[in-house]
Amino acid sequence: MNLFIFPYGSDNFYTCPDSAICREKEASDGSFKYWVPDGVETLRAIRFAYVKIDRAGKCVREEYAHRHYKVCGWGVHLATYDINEGNTLDSSIFLSSPTEIEGSGPYEGFSSFDSTLERASKYMSLRSGDLIVLELGDIEAYEIEPGASRTLSCDQIKIAIIS
C-alpha cells in the first residue's frame, strides 16, 4: 500500500510507504504514543482528509475517479522538515476509523479528491488499499525539547509525543 500525499496549498504530491501509518494500539487513556526519532528538532501536526482506493487504476480521468473509492476518513500527520521537505517518518500518520461513502455517483464535497486522484494516477498506478491524502493545514508546530513529552488532541485522536 502507498500513500499519495498532497501538501496543503500545493499542486505537487509525494508518496510514502504504509510504514508511515501508526498501527500501534491505543493506550489505556485512548491516546497513541509517538516517539520522536533522534535528530528531529521540530514537528508539525497537520490535519488531513483521505480516501481509500478500492479499485486499481492507471490514468483515471476525473469524471470516473469516484468509482475508485468508497471509504473516507481524516487523520493527523506529524511531519518534519529537518531532514527534507516532503519527508514522512515511520508511524507518524494517525488515521480515524473509515466511513463508508453512500451512493454510486460523484460524491458531494469530494471533487478535490477526484482531481487529485487523476493527477496521481497519471504518474503511478493506483492499487486497492492505497490512500489519497489531502492535507488541510497545520494544527500546531513546535520545537522538540529533549526528554519532554506533550499531548496533541485533534477531534477524537489523541497523540502522546515523547522525545
Show that you can apply the helix-only estimate: for the chain, add -39,500 (n - 2.57) for every DSSP H stretch of four or more residues, divide by all residues, and state [θ] at 222 nm to the nearest 500.
-2500 deg cm²/dmol
Local charge sum around S96 (other residues, Cβ-Cβ under 11 Å, Lys/Arg +1, Asp/Glu -1)?
0
Extension reserve of the E100-T42 stretch, reckoned as 0.36 nm per residue once the Cα distance is removed:
17.4 nm
How far, in degrees from 0 to 90, does helix 111-123 lean away from the longest principal axis of the Cα atoms of the chain, to the nearest 10?
90
As a test, work out the antiparallel percent of DSSP beta bridges whose residues both lie in the chain, rounded to the nearest 5.
80
Return an integer: the convex hull volume of the alpha-carbon atoms of the chain, in Å³ per residue.
110
Long-range lysine pairs (8 or more apart or interchain), the chain, Cα under 30 Å
14
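The numbers here are math on the coordinates, done by the rules we state, and not lab data. Owing to the predicted nature of the structure, the values given are computational and were not obtained by experimental measurement. When we count neighbours, we look across all protein chains shown, and the Cβ atoms used for this are built from the backbone with ideal geometry, even at glycine.
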